[in-house]
Structures are given as structure tokens and as C-alpha cells.
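For reference, the structure discussed in these notes is given below.
The values are calculated or read from the model by the stated rules, or taken from the named source; none is laboratory data. Nothing here was measured: the structure is a model prediction, and the numbers come from that model. Note: ideal-geometry Cβ built from the backbone for every residue, glycine included; neighbour counts use all protein chains shown. Side chains are part of the model used for accessible areas, which takes the heavy atoms of the whole protein and leaves out ligands, DNA and RNA. Shrake-Rupley method; radii C 1.70, N 1.55, O 1.52, S 1.80 Å.
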Amino acid sequence: DISWLAVRTSESAGIIDVLGLSDPEPVTWRQGISAVCGDYWDSYAPLDAVLSRVYITPVVEVWRLAIGGWVGEGGWVSEGGVRGFDGVVEYCRTLSKRYGEAHAFTSQGRMGWYSWVLAREGDVYRRYFLNTKREIDEGPPTPAEQSDAGSSGENTVMAIAGECSVDPRAFSRDTPFESEGLLAITAWG
């Protein structure tokens, strides 16, 4: 279960700014992924600890990923309601206007929640969101969606990610990367 943004940039400061993150600290891949993916399963942490941090990866094939549950929640949950998917769409719109392309992906198989947002030059050209209560399907399907017609599971999410930016399942110890990764605090944290 993971949510991430893929932004076509080597810069991290703009991502931190748009997402409203603070206190970025250099970390290794292992530390960053453990911090944002391990919180949910840490029996000593509250269940919403997963919303407190975002890991911004080093540059992989011209893309920086911002990974964390908070990204999939669209920012944070306020007393007035959930910002949710609309927040994710706005992140992509803003980041793509600044950097050319930005995409968001969520694969939460245990909850039956899958989404992707594809934006270029400030224009969101594809939005898809599915959970047990709601479905949004706007814009023309990608070639990966068309070849996997009728499915919206993890394989589809990852195929679209690979088609439009990078598929994180393909990362290994041998994956070349530039710069350093950063762990940052969200407004929730």
C-alpha cells in the first residue's frame, strides 16, 4: 500500500514548497521508505502516524518521487472535512505547471483504493479514482489502461506509472540515482 507523486525535476525545494512540507533531513532510501511505509505497521505509533512524513527520493531517470500516505490523502484531514483527491489533483496541476509534468499514484489493495492523476504544463489530462464508495474517471485512458481493460488494480497503477514516469517496483540496488533523498514533515506531523 503506497501513494506517491512523480515530478519531472531534479529540484526538491519546489516539491517541499508546493506540498507545504518542513524540516527536510537527508536520509538513505532505506530510512526514507521505512519512515513513510513503516509507520502504519508500527504497533507503538498511532494509525495516523503514516500521515506525518513524506520521503522525497533522489532523482531517478529525471523524476523525483514524493512518497507517503499523506500524499494519497491530498494533504491532510481538516475538521471541516477531507481534502482528499482534490488536493492530490491540485498538487499535480501546480507541480506540472512549474516543472512540466507531475503524476500521482495510489495503490491501496487492502482497502480497494486505486488512483492516478496525470498532468502536463498545468493541465490535468487524466484523473482516475476508485474506492468502495466513489469512482472518478475523467480524461482519455492511457495505453496501459486500454491494454488492461476492466482492471484498476495494482498492476494497472504500476503499468501507468512506468508508462508515464517510473514504476517503483523496478527499483533495485542497481538503479542509478542522483542527489540525496529527504525526509520531511507534513502539516499533519
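Quick rundown of the values:
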item	result
GLY162 being open to solvent by less than 90 Å² (accessible area, probe 1.4 Å), at pLDDT 85 or above and farther than 27 Å from ILE33 by Cβ	no
Options TYR44, TYR55: the member that is under 21 Å from GLY162 (Cβ atoms) and either outside any helix (DSSP H, G or I) or at pLDDT 80 or above (or both)	TYR55
Residues of the range 118-129 satisfying the condition of being modelled with pLDDT of 95 or more and within 13 Å of VAL157 (Cβ to Cβ)	LEU118, ARG126
Pair list, Cβ under 9 Å, 6 or more apart: the range 138-150 residue farther than 12 Å from ILE160 by Cα and modelled with pLDDT of 85 or more, other residue outside any loop (DSSP other than H, G, I, E, B) and among the hydroxyl-bearing types (Ser, Thr, Tyr)	GLU138/TYR128; GLY139/TYR125; GLY139/TYR128; PRO140/TYR125
Residue match in the range 91-101 (condition: at pLDDT 95 or above and either over 17 Å from ILE15 (Cβ atoms) or polar (S, T, N, Q) (or both))	yes
Tally of residues being buried (at least 20 other Cβ atoms within 10 Å of the Cβ) and of a type in the set (S, T, N, Q) across the range 103-144	3
Any hit, the range 6-28, residues being touching a Gly at 6+ places or on another chain (Cβ under 6 Å) and either acidic (Asp, Glu) or at pLDDT below 90 (or both)	no
Residue in the range 68-75 that is closer than 22 Å to GLU154 by Cα, modelled with pLDDT under 75, open to solvent by 20 Å² or more (accessible area, probe 1.4 Å) and within 16 Å of the chain's Cα centre (by Cα) present	yes
Odd one out for ALA49 among (1) modelled with pLDDT of 80 or more; (2) surrounded by 16 or more Cβ atoms within 10 Å (Cβ to Cβ); (3) among the small types (Gly, Ala, Ser)	(1)
Some residue of the range 169-185 being surrounded by 19 or more Cβ atoms within 10 Å (Cβ to Cβ) and within 18 Å of GLN108 (Cβ to Cβ)	no
